[in-house]
Amino acid sequence: MDDKLNKKIVLFVTTLGAFIVPFMVSSINVALPFIGKEFAMNTGLLNWVVLSFILALAVFISPFGKLSDIFGRKKLLIYGMTGYTLASIFCGISINAGMLIVFRALQGISGATVSISVISILTSVYSPGERGRVLGLNVAANYTGLSAGPFLGGFLIKYLGWRSIFFFVVPIGIAIIILILKIKQEWAEAKGEEFDYKGSVIYGVGLFGIVYGLSLVRSFWGPVLMLIGIISIFIFGFYEKKVKSPILNITLIKNNRILTFSSLAALINYSATFAISYLLSLYLQYIKAFEPQTVGLILVSQPLMQALFSSPNTNAVMCSVEKKYYGVASGIIGTARAVGMAFSMGITSLIMLVFIGNVQIGPEHYPDFLVSVKIIFLVFTILCFIGIFASIVRGTVNNEIEKKEFS
């Protein structure tokens with residue numbers, strides 16, 4: 001296949017891939033009141049419709065980053081997109097809350113594969129001089145998905161029901177699979193290295209324990225799970241330093257200040273902003289009684305504002321590492337985003353459960369709901385303020401390196 005044509009197909013496929021996962025992330029928020037009503041879901045279960053996807057994404061995105069470098073980025077994208085498409089179908093035909101949450105988790109696992117593959121494939125195909133432009137397009141597609149999700153999702157929900165948002169992504173997923181199969185080239189710069197299965201399990205247990213523990217904080221098992229999670233994360237950090245082929249290269253993070261502070265900035269940014277659309281969707285539909293498409297139109301503003309942040313942050317990371325670490329670096333920044341999202345929902349779940357309780361939200365709970373929203377926004381404001389300093393340090397380090405290279 002002609003190299004120029006190959007690049008165009010890769011760009012088109014990765015652009016669709018960058019759209020499809022964020023679309024689902026944002027569109028589900030508009031559907032939550034309808035899902036909660038149909039399945040009579042209490043506060044905890046309703047939160048898990050979102051959290052199951054995000055937590056699965058956070059747990060698997062870093063291990064899949066390493067897997068993509070070892071077994072092939074195209075291969076992983078095909079598997080991930082197939083799984084994502086099938087999981088979307090089963091989410092759409094769910095008959096109860098349990099079934100929906102399980103397949104949302106499978107959607108998140110597959111979404112981790114897609115998210116990690118599209119950035120590392122783009123970085124592999126395009127030269128450093130072209131990379132800023134194509135990564136900018138990738139981020140634009142990402143935020144187009146986030147922006148279109150509430151508006152298009154609201155339209156679909158009003159006229160076709162909440163299940164239609166899951167069926168909407170199915171033909172896009174099939175198109176991606178067909179197009180990626182046409183590309184014969186594969187990218188696996190770390191082929192032959194061992195995969196760190198033990199580290200992946202320890203990391204997964206740690207992250208799951210912390211986030212799930214937050215949602216159970218009022219019970220005995222909440223603090224216990226959080227303690228297990230924190231201990232597991234510390235064990236994971238020490239273990240990864242000794243492994244020959246770690247899923248999370250601690251040395252790479254330690255020696256690359258751009259990667260460190262870019263990831264920290266992404267972690268704080270998403271911790272402080274992700275759950276905002278979730279909260280606003282509930283607020284606008286429960287308290288203001290707005291229709292879904294009106295809510296979607298209002299929610300479009302948030303991802304549009306965030307796109308001033310992600311493109312330069314991602315580009316700075318990918319340009320600061322060697323080619324063999326593209327998948328790992330993409331995994332690290334993706335993990336920072338996903339963990340930030342999970343923490344954002346974890347904080348939200350914790351505060352809502354404390355002030356509202358584990359109940360199906362009705363008019364009698366609206367005053368407590370408003371109190372919890374105010375407290376959550378106060379916490380997010382503090383996190384945003386802290387995030388400013390991480391971004392400033394990252395920018396300063398990047399400028400220092402560019403000056404040295406120029407001189």
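The values are calculated or read from the model by the stated rules, or taken from the named source; none is laboratory data. Values in this document were obtained by computation on a predicted structure and should not be read as measured data. Virtual Cβ from ideal backbone geometry, glycine too; neighbours counted across all protein chains shown.
What the table below lists for this structure:
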quantity	calculated
Hits in region 283-298 (condition: modelled with pLDDT of 85 or more and surrounded by 23 or more Cβ atoms within 10 Å (Cβ to Cβ))	Pro292, Val295
Selection count where residues are in contact (Cβ under 8 Å) with a residue 60 or more places away in the chain and not in a helix (DSSP H, G or I), scope region 95-129	1
Inter-residue pairs, beta-carbon under 7 Å, first in the same structural domain as Ile233 (by TED's automatic domain parsing) and in region 189-207, second at pLDDT 90 or above and of a type in the set (Ser, Thr, Tyr), 6+ apart	Ile202/Ser232; Val205/Ser232; Gly206/Ser232
Some residue of region 126-133 being surrounded by fewer than 24 Cβ atoms within 10 Å (Cβ to Cβ) and either closer than 24 Å to Leu282 by Cβ or polar (S, T, N, Q) (or both)	yes
Condition check for Ile180: loosely packed, with under 15 Cβ neighbours inside 10 Å, in contact (Cβ under 8 Å) with a residue 60 or more places away in the chain and of a type outside the set (Phe, Trp, Tyr)	no
Subset of region 43-88 [surrounded by 22 or more Cβ atoms within 10 Å (Cβ to Cβ) and without any contact (Cβ under 8 Å) to a residue 60 or more places away in the chain]	Val49, Phe53, Ala56, Leu76, Gly80, Ala87
Any chance Glu364 is farther than 13 Å from Thr43 by Cα, acidic (Asp, Glu), modelled with pLDDT of 85 or more and surrounded by fewer than 21 Cβ atoms within 10 Å (Cβ to Cβ)	yes
Condition check for Phe261: touching a residue at least 12 places away in the same chain (Cβ under 8 Å), crowded, with 22+ Cβ neighbours inside 10 Å and not in a loop (DSSP other than H, G, I, E, B)	yes
Single unsatisfied condition, Gly132 versus (1) modelled with pLDDT of 80 or more; (2) part of a helix (DSSP H, G or I)	(1)
Residue ID - farthest from Asn6 (Cα to Cα), chosen from residues in region 110-132 that are small (Gly, Ala, Ser) and over 11 Å from the mean Cα position of the chain (by Cα)	Ser110
Residue within region 235-257 that is modelled with pLDDT of 90 or more, surrounded by fewer than 19 Cβ atoms within 10 Å (Cβ to Cβ) and in a helix (DSSP H, G or I) present	yes
Region 166-214 - residue that is basic (Lys, Arg) and outside any helix (DSSP H, G or I) and, of those, modelled with the highest pLDDT	Lys182
The lone exception for Ala342 - which of (1) among the hydrophobic types (A, V, I, L, M, F, W, C); (2) crowded, with 16+ Cβ neighbours inside 10 Å; (3) more than 29 Å from Gly145 (Cβ to Cβ); (4) modelled with pLDDT of 75 or more it fails	(3)
